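Throughout, read-outs are computed from the coordinates displayed, never taken from laboratory work. These numbers were taken from a predicted model, which means no experiment stands behind them. So basically every Cβ, Gly included, is an ideal-geometry build from the backbone, and we count neighbours across all protein chains shown.
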Amino acid sequence: MDSVETNTITDRLNDRLNVAIKSLIKVINENPGLDTNKISSMVQISIRTTGRYIKQLKDNNIIEFIGSQKTEGYYLTSEAKSFM
């Protein structure tokens, strides 16, 4: 496999990941306070994959987890909201 072919495959994978992560951000923005299970079902991605994406978004200060046992969920950070 040459480098051009590898780059093309990598670009396609990145595009798919970006679409999934953008979908996740959109769902959280439109429905603040959802938990992982609800987000997963709304974006139609497995719970495990949703959890990985959520971790990436948290690590990059795009979303945050707020709340107690009954009202817990994910919200966009104020920094992320300023870019929306």
*Scan the range 50-69 for residues that are surrounded by fewer than 18 Cβ atoms within 10 Å (Cβ to Cβ), assigned to a helix (DSSP H, G or I) and touching a residue at least 24 places away in the same chain (Cβ under 8 Å) and jot them down.*
Gln56
*asked:* Out of everything in the range 19-33 that is more than 17 Å from Phe83 (Cβ to Cβ) and under 12 Å from the mean Cα position of the chain (by Cα), what residue ends up being surrounded by the most Cβ atoms within 10 Å (Cβ to Cβ)?
replied: Ala20
